[in-house]
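The values are calculated or read from the model by the stated rules, or taken from the named source; none is laboratory data. All values reported here derive from a predicted model rather than from experimental measurement. Heads up, the Cβs are rebuilt from the backbone with ideal geometry, glycines too, and the neighbour counts pull from every protein chain shown.
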Ligand code: 9MJ
């Protein structure tokens, strides 16, 4: 036996064991530990070895059967016709080779017509209809036999229990994919997280888990859908002669087919279809992992026939994987503007979702515990669309012995201040405030940003450098910068230094809402800053506002009111504001319209619930134009409450406090009265 054969034999054995293991986890436990791309690679490698050394092929090699064993908790039924899988194309060349093989076999040079379909990433299912009535739903299983999950299939809302129209064969087996739309997946996981239940790593596992429920009532809650793509066993009737026409028939009979299905001519048109669907991928309501091309003409399909696992007349052209496996090399803790300490995964670089990823957010320590993440772990990374990369799971069997538990530091990695996590909060914060360079940096970046002071040319990188060189330390110190300081920095010339100083000069003339937003008070975003500016009219009035005054502002609740109050209680914040003013930062106060003489002068009002004749904001504007102050919450000082439909806690509170309540009708009548109409 050659040494090469011996090595190949050992490798094949290892691959088979690993693949069997993954199959078990995937099909039986609904809990795969590696991404599909990794599984595909193992299979691909095993096929390669077996092709090279055919003696290595064993009857039970995973390459010799279609899928994996069904679990024994449902009854196993044999498929009348096997449910085949599809060969994969990963590169454009693979697809061109496929088209070449098809034409060679058919001995024709003219181009072939293909039916092109998005490849849904769900669970393959066979659904039987007898005389138009659904009698059975079976999973694909190993392709030869699957599990009878009829009660569960019947809960899938878009599968008709009785076919529509006429002309369907007496016996009709329809095949397709059951999947969970992304929105339903997100909603399910959000709830599961809140309840402390197990979350699903992706929509396909959620669909699998939902279909394998022994209690169909549970399946019924999961918002599953089915999309059909072919027929299996047919008796007692005729079907049309092409894939595309069969799909149209299925649609007539009430079964969902994919609306993005297209009939095209030739391999180049297939590649165009592939590119077009890839562009639409992120905007679709469901996950797809590629497209499928099928020779459209059934007579040609028959002429082409099958190889053991798959038809010769179809191929799946896969998209680049959105999930990949890599190694977690370290976890760093980053400090944000408000001191929030966020763990960040440093990864061995991996190509996923079309880019190389080396960092992923881990959100907080709860997330690290939920994932049971250790440094050194192999992890599954998902990057879909423009969403930031996520760590979706750990591959436990790949954990090295020296894998380290991840602990949050006790003190800030940047300034050394204590890190504090308040009871009941998931976020831990550095207590250093503006003493902490990280928080200072973020505060300055926020202050300079477009929607705040809009200092052109002062990007994040430059702020980092200016802080590191100790040229600035607070937003106010920006205005002490001189051309020479900046020009001396690496990659900054005289010209860009002059431009920055000009931009700083220009930014000094600002508006009150921008200035308030730029201060970076917690929970005070752009919209709230505007509301505060309009309500109080000047920074002085805002600074002097009590919690009660603040809570009277529409949309300010007790939490934001508390943050605003404590911001203006910190001496260093007041110093920064004074300094900014002394450097010439200025704005115009907002003139407070005199309310004197208006019918609602001196009254504080609250609007809640849904109004039918106007929006809540329009009602508030109307009240303000009549001299009232529109507040966000009900207190003993509230003059009256306007309560629309579905009013909740504010109405209850008003009733408890004996505050006057108007429903919409009474309110509109009152408005007429106030206006003297
Ligand atoms: C999916 N998954 O969307 C097939 N598929 O056809 C489509 N799968 C298929 N076709 C024959 N659109 C076997 C599998």
- Hey, could you check the range 172-197 for residues that are assigned to a loop (DSSP other than H, G, I, E, B) and loosely packed, with under 12 Cβ neighbours inside 10 Å and say which is farthest from the ligand (Cβ to nearest atom)? 196
- Task: Could you please let me know if residue 240 is surrounded by fewer than 16 Cβ atoms within 10 Å (Cβ to Cβ), within 16 Å of the ligand (Cβ to nearest atom) and either in a loop (DSSP other than H, G, I, E, B) or without any contact (Cβ under 8 Å) to a residue 40 or more places away in the chain (or both)?
- Result: no
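One line per residue, one yes/no per condition, for (1) within 34 Å of the chain's Cα centre (by Cα); (2) modelled with pLDDT of 95 or more; (3) in the same structural domain as residue 455 (by TED's automatic domain parsing):
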position: 504; (1), (2), (3): no, yes, yes
position: 519; (1), (2), (3): yes, no, yes
position: 522; (1), (2), (3): yes, no, yes
position: 527; (1), (2), (3): yes, no, yes
position: 548; (1), (2), (3): no, no, yes
position: 557; (1), (2), (3): yes, no, yes
- Task: Among the numbered conditions (1) away from the ligand (no atom under 16 Å from the Cβ); (2) part of a loop (DSSP other than H, G, I, E, B), tell me where residue 142 comes up short.
- Result: (1)
- Mind listing whichever residues of the range 615-626 are crowded, with 16+ Cβ neighbours inside 10 Å and free of Cβ contacts under 8 Å to residues at least 40 places away in the same chain? 616, 623, 624
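Here's the yes/no breakdown for (1) under 23 Å from residue 231 (Cα atoms); (2) surrounded by 22 or more Cβ atoms within 10 Å (Cβ to Cβ); (3) more than 16 Å from the ligand (Cβ to nearest atom); (4) at pLDDT 95 or above:
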position: 91; (1), (2), (3), (4): no, no, yes, no
position: 97; (1), (2), (3), (4): no, no, yes, yes
position: 100; (1), (2), (3), (4): no, no, yes, yes
position: 103; (1), (2), (3), (4): no, no, yes, yes
position: 133; (1), (2), (3), (4): yes, no, yes, no
position: 154; (1), (2), (3), (4): yes, no, yes, no
- For residue 337, state whether it is out of contact with any strand residue (DSSP E or B) (no Cβ under 9 Å at 6 or more places or on another chain), farther than 30 Å from residue 100 by Cβ and in contact (Cβ under 8 Å) with a residue 60 or more places away in the chain. yes
- Item | Given (1) in the same structural domain as residue 302 (by TED's automatic domain parsing); (2) part of a helix (DSSP H, G or I); (3) in contact (Cβ under 8 Å) with a residue 24 or more places away in the chain, index of the condition residue 248 fails | (3)
- Query: Given (1) within 16 Å of the ligand (Cβ to nearest atom); (2) buried (at least 17 other Cβ atoms within 10 Å of the Cβ); (3) free of Cβ contacts under 8 Å to residues at least 60 places away in the same chain, where does residue 280 come up short, assuming only one miss?
  - Reply: (2)
- Note on the structure: Screening 280, 301 for residues that are over 28 Å from residue 396 (Cβ atoms), in contact with a strand residue (DSSP E or B) (Cβ under 7 Å, 6 or more places away or on another chain) and in a helix (DSSP H, G or I) leaves only 301
- Complete set of residues in the range 283-295 that are part of a loop (DSSP other than H, G, I, E, B) and away from the ligand (no atom under 13 Å from the Cβ): 285
- Query: Would you pick out the residues in the range 308-331 that are part of a loop (DSSP other than H, G, I, E, B), surrounded by fewer than 18 Cβ atoms within 10 Å (Cβ to Cβ) and away from the ligand (no atom under 13 Å from the Cβ)?
  - Reply: 308, 320
- Task: Give 535, 446 a once-over and let me know the one that is assigned to a helix (DSSP H, G or I), within 31 Å of the chain's Cα centre (by Cα) and not assigned by TED's automatic domain parsing to the domain that holds residue 628.
- Result: 446
- Query: How many residues does the range 539-556 hold that are out of contact with any helix residue (DSSP H, G or I) (no Cβ under 7 Å at 6 or more places or on another chain), touching a residue at least 24 places away in the same chain (Cβ under 8 Å) and either on the phi > 0 side of the Ramachandran plot or not in a helix (DSSP H, G or I) (or both)?
  - Reply: 1
- Could you run through the range 105-127 and say how many residues are free of Cβ contacts under 8 Å to residues at least 60 places away in the same chain and either within 30 Å of residue 219 (Cβ to Cβ) or crowded, with 17+ Cβ neighbours inside 10 Å (or both)? 1
- Task: Kindly establish whether residue 591 is assigned to a loop (DSSP other than H, G, I, E, B), touching a residue at least 12 places away in the same chain (Cβ under 8 Å) and within 30 Å of residue 478 (Cα to Cα).
- Result: yes
- Query: Is one or more of the residues making up the range 222-237 assigned to a helix (DSSP H, G or I), away from the ligand (no atom under 16 Å from the Cβ) and either crowded, with 17+ Cβ neighbours inside 10 Å or in the same structural domain as residue 126 (by TED's automatic domain parsing) (or both)?
  - Reply: no
- Restricting attention to the range 259-277, which residues are surrounded by fewer than 21 Cβ atoms within 10 Å (Cβ to Cβ), over 26 Å from residue 108 (Cβ atoms) and within 13 Å of the ligand (Cβ to nearest atom)? 259, 260
